[in-house]
Amino acid sequence: MLQLETIILFCIKQLNSERTIYSIYHLLNGKKSSQTIQDAHLFSLKKFFGIYESLTRESFDEIIQSMIKKKWIDHSGEQHYLLTYSGNSILETNPPPTYLNGWSYHPFTSLFWERFSLFIQVTSNLVFGDTRYVPIQKNNDVHLWLKSSLKELNVPRKELGNIVYSELIECFNMTKEINPSILVFRLTGFQQIGLTPLQIVKKFNMNIHDYHIDFIHTLHYLMQAIKLEPSGFPMLTILIKDFHQQDELTLSSRKTWNLLNQGYSPDMIAKFRRLKLSTIEDHLVEFALHVDHFSIDPYVEKELQTKIVEISREIGKRQLKLIKDKLKAATYFQIRLVLAKYGGE
């Protein structure tokens with residue numbers, strides 16, 4: 001049973017045939033479109049956002065076809081699927097990995113790995129007094145970060161290795177769901193070269209998709225554990241101390257937000273920025289999702305908001321067309337705004 005299959009099954013169950021199968025592909029890729037961001041929120045799938053940016057459409061299609069053959073999923077319309085009884089049973093006995101948190105950590109995952117792997121390599125060589133080695137990471141910013149961080153650490157360099165080792169052991173001992181080998185075999189240290197992902201896949205007789213998910217899961221677990229108990233991991237904390245949750249608004253929507261706060265209407269903003277009105281409307285949907293105090297009242301009358309929420313709950317779906325068919329007075333934009341603001345409640 002593949003971890004990736006489990007995640008896709010979970011997503012299909014959550015979507016309940018209200019989105020196409022490719023909405024899951026875009027979610028895993030971390031596509032920064034208004035629709036994908038809205039789906040991540042509305043269907044409680046934020047933890048999988050951007051966890052597999054390198055997944056190809058071809059590989060995704062192969063997995064879907066394999067799941068159809070195994071009778072885990074069934075067509076419910078063009079590019080729409082539902083879980084079969086068998087698929088539900090599989091999901092019940094194989095829940096998705098616990099510590100994945102793509103929405104919070106995917107912007108930092110690569111940087112965390114670069115820092116962590118270089119930190120371990122440098123620490124290992126410090127212990128043995130070796131200065132003649134080639135750094136495993138080429139990113140100059142990561143080198144500068146490590147130099148300044150090591151200066152800040154008030155720890156004798158010979159003792160650094162033991163302290164880091166103890167912290168890692170303690171961190172991994174806090175859960176039974178993580179296999180540290182997935183990470184450890186990739187690490188380079190004193191007279192020791194880390195394995196490549198393909199070498200690890202061969203060593204553990206794993207599927208490449210499984211390896212990727214396990215690796216990301218392990219990195220997310222480490223970031224989460226360190227963040228929750230920084231005082232318990234003073235050495236490891238240096239890896240994430242400047243990781244601050246990024247503004248959830250995209251750069252383009254931030255410009256729209258500034259103009260909106262200056263009193264410009266969506267039409268005026270579209271003309272001023274030479275963008276389609278639909279793009280500005282996408283930005284307003286983003287505000288409804290991410291900005292707590294953003295009011296949708298100027299765009300949707302209170303009575304219409306109530307009707308949209310009621311119909312959405314009544315039909316138990318968040319498909320725009322189904323709601324629009326029952327409520328001709330509402331535009332698709334208004335329905336999206338209301339679902340963005342209240343759909344998760």
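Based on C-alpha pairs under 8 angstrom that are at least 6 apart in sequence, the chain has a relative contact order of 18 percent. When you count the other C-beta atoms within 10 angstrom of each residue and take the mean per peptide, 290-298, 107-115, 262-270 line up highest first as 107-115, 262-270, 290-298. If the chain linking Thr93 and Glu303 were pulled fully straight, counting 0.36 nm for each residue of separation and taking away their Cα-Cα distance, it would gain 71.2 nm.
Per residue of the chain, what 222 nm ellipticity follows from adding -39500 (n - 2.57) for every DSSP H run with n ≥ 4, rounded to the nearest 500? Theoretical 222 nm ellipticity from helices: -18000 deg cm²/dmol. For the pair the range 95-145 and the range 44-91, the centres of their Cα atoms are 32 angstrom apart. Between Leu150 and Thr56, the FRET efficiency estimated from the beta carbon spacing at R0 = 41 angstrom works out to 0.55.
Please work out the FRET efficiency for the pair Arg273 and Phe294, using the Cβ-Cβ distance as r and a Förster radius of 22 Å; give the result to the nearest 0.05. It comes to 0.70.
Taking label points 7 Å from Cα along the Cα-to-Cβ direction, Ile68 and Lys255 give a separation of 4.1 nm. Checking the cross-link pairs Lys32/Lys203; Lys47/Lys227; Lys31/Lys341 against a 25 Å limit on the alpha carbon distance flags Lys32/Lys203 as lying beyond it.
Straight-line reach from Lys138: which lysines have Cα under 18 Å away, leaving out those fewer than 8 places along the same chain? Qualifying lysines at Cα under 18 Å: Lys147. Within the set (1) 34; (2) 40; (3) 18, the number that percent of Cα pairs over 36 Å apart takes when calculated for this structure is listed as (1).
If R0 is 22 Å, the Cβ-Cβ spacing of Lys138 and Gln199 corresponds to a FRET efficiency of close to 0.65. Structural size metrics of the range 175-247, computed from C-alpha coordinates, are Rg and Dmax of 14.2, 42 Å. Ligands, DNA and RNA aside, Arg254 has an accessible area near 80 Å² when probed at 1.4 Å.
The values are calculated or read from the model by the stated rules, or taken from the named source; none is laboratory data. Here the structure is a predicted model, which is why all the values come from computation and not from measurement. Here the Cβ is made from the backbone with ideal geometry for all residues, glycine too, and neighbour counts use every protein chain on show. Ligands, DNA and RNA are excluded from the accessible area calculation, which covers all protein heavy atoms including side chains. Shrake-Rupley method; radii C 1.70, N 1.55, O 1.52, S 1.80 Å.
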